[in-house]
Amino acid sequence: MNFLDGISKQEFIDGEWHIHTSYTDGKNSVEEYCKLAEELNLTVLTFTEHVRKELDYNFKDLINDIEVAKERYPRIKIRTGCEAKVLPDGELDCSEKILELSDYVLFAFHSFHYDKSTYIKSLKKVIQNFHVNAWAHPGLYSKKYGIELEDPEIEDLFGLMIENNIYLEVNYRYSLPIKRWLDIFLKLSGDNLIVIGGDIHSLNDMRECFIKRKKLKQLYYNSHFKEKESLFRWVIQNYKRGD
């Protein structure tokens, strides 16, 4: 069972599910994010720090910061997570211990240069062989390196994700996945197995994502769309309108 299965769609909308701190490439601490989240009335914070098999920081220090924050900010559901890079052989650049310590595991493609075949094989291996929860900023790597996936290939990958109960992240930072990918996923899954992530790297990012979500909710409630579809489906399909 994917830990996300127990989360309400409202928590996906009103929380933040992808945050990086000053332990890696973020600008702020766990405490600073939590303080702002309380001001903004966010209900969920999930810290998804970048990890590798050989870390240059102590992951347990991050966990300790999160445990302290849980005591200090009891109104917010605060969780430990990580973002693990996919290696060319389809392995994760992450230790088993960190996977065990994380409530929420994102996988992502970053710096290695794959050809199309290796990209697809690596993605399938991660989906089938690792305890991961969601695919972070889906399509960012293929967009960057010009890897064009045809609809049948996307349908095959998404079908495998659904079969293995892996979520697709709607990433606000990069406006991903592209509409064609999202439409295919929605067709296959309904509006299930989707998580919203701001990919937060600073307090300003958190404020901007909050404003975007607020604007989207206002657009929804002031329109006729509320009579035709759910707020969650509106938010994931119209995230670019919040800019």
**Report entry** Tally of residues being among the hydroxyl-bearing types (Ser, Thr, Tyr) and buried (at least 21 other Cβ atoms within 10 Å of the Cβ) across region 16-42
**Finding:** 2
Query - Subset of region 1-59 that is in contact with a Leu (Cβ under 8 Å, 6 or more places away or on another chain) and hydroxyl-bearing (Ser, Thr, Tyr) - its residue that is nearest to residue 209 (Cα to Cα) - result: 33
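On the basis of being assigned to a helix (DSSP H, G or I) and either crowded, with 18+ Cβ neighbours inside 10 Å or at pLDDT below 95 (or both), does residue 106 make the cut?
Taking the combined requirement at face value, the residue does not satisfy it.
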Query raised in the report: Does residue 222 fit the bill of being farther than 18 Å from residue 127 by Cβ and loosely packed, with under 13 Cβ neighbours inside 10 Å?
Result: yes
Query raised in the report: Got a number for residues in region 61-87 being of a type in the set (D, E, K, R) and without any contact (Cβ under 8 Å) to a residue 24 or more places away in the chain?
Result: 3
Query raised in the report: Do any residues in region 191-206 that are over 14 Å from residue 15 (Cα atoms) and at pLDDT 95 or above have Cβ atoms under 7 Å from those of residues that are among the aliphatic types (A, V, I, L, M) and assigned to a helix (DSSP H, G or I), where the two are at least six apart or on different chains, and which pairs are they?
Result: 193/162; 203/36
Report task. Answer yes or no as to whether residue 215 is over 23 Å from residue 49 (Cβ atoms) and among the basic types (Lys, Arg). Result -> yes
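Here are 186, 182: which of them is over 24 Å from residue 82 (Cα atoms), within 19 Å of the chain's Cα centre (by Cα) and touching a residue at least 40 places away in the same chain (Cβ under 8 Å)?
Checking each option against the conditions leaves just 186.
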**Report entry** One residue from 212, 226, 217 being closer than 23 Å to residue 138 by Cβ and either of a type in the set (Val, Ile, Thr) or at pLDDT below 95 (or both)
**Finding:** 212
Query raised in the report: Restricting the search to region 8-49, which residues are hydrophobic (A, V, I, L, M, F, W, C) and within 14 Å of the chain's Cα centre (by Cα)?
Result: 12, 13, 17, 19, 44, 45, 47
Query raised in the report: Looking at 200, 178, 194, 166, which one is in contact with a helix residue (DSSP H, G or I) (Cβ under 7 Å, 6 or more places away or on another chain), farther than 19 Å from residue 3 by Cα and either surrounded by 15 or more Cβ atoms within 10 Å (Cβ to Cβ) or of a type in the set (Val, Ile, Thr) (or both)?
Result: 200
Report task. Output the residue which, of all residues in region 64-103 that are of a type in the set (Val, Ile, Thr) and buried (at least 16 other Cβ atoms within 10 Å of the Cβ), is farthest from residue 122 (Cα to Cα). Result -> 76
Query raised in the report: What are the pairs, 6+ residues apart or on separate chains, where a residue within region 132-150 that is at negative phi and touching a residue at least 60 places away in the same chain (Cβ under 8 Å) has its Cβ under 7 Å from a residue that is acidic (Asp, Glu) and surrounded by 18 or more Cβ atoms within 10 Å (Cβ to Cβ)?
Result: 134/169; 136/83; 136/169
Requested in this report: Report the residue count in region 1-10 for those that are of a type outside the set (A, V, I, L, M, F, W, C) and surrounded by 16 or more Cβ atoms within 10 Å (Cβ to Cβ).
Outcome: 2
Report summary line: Within region 149-179, the residues that are of a type in the set (D, E, K, R) and either at pLDDT below 95 or touching a Cys at 6+ places or on another chain (Cβ under 7 Å) (or both) are 173, 179
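The values are calculated or read from the model by the stated rules, or taken from the named source; none is laboratory data. What you see is a predicted model; the values in this text were computed from it and never measured. Note that each Cβ is placed from the backbone with ideal geometry, even for glycine, and that neighbours are counted across all protein chains shown.
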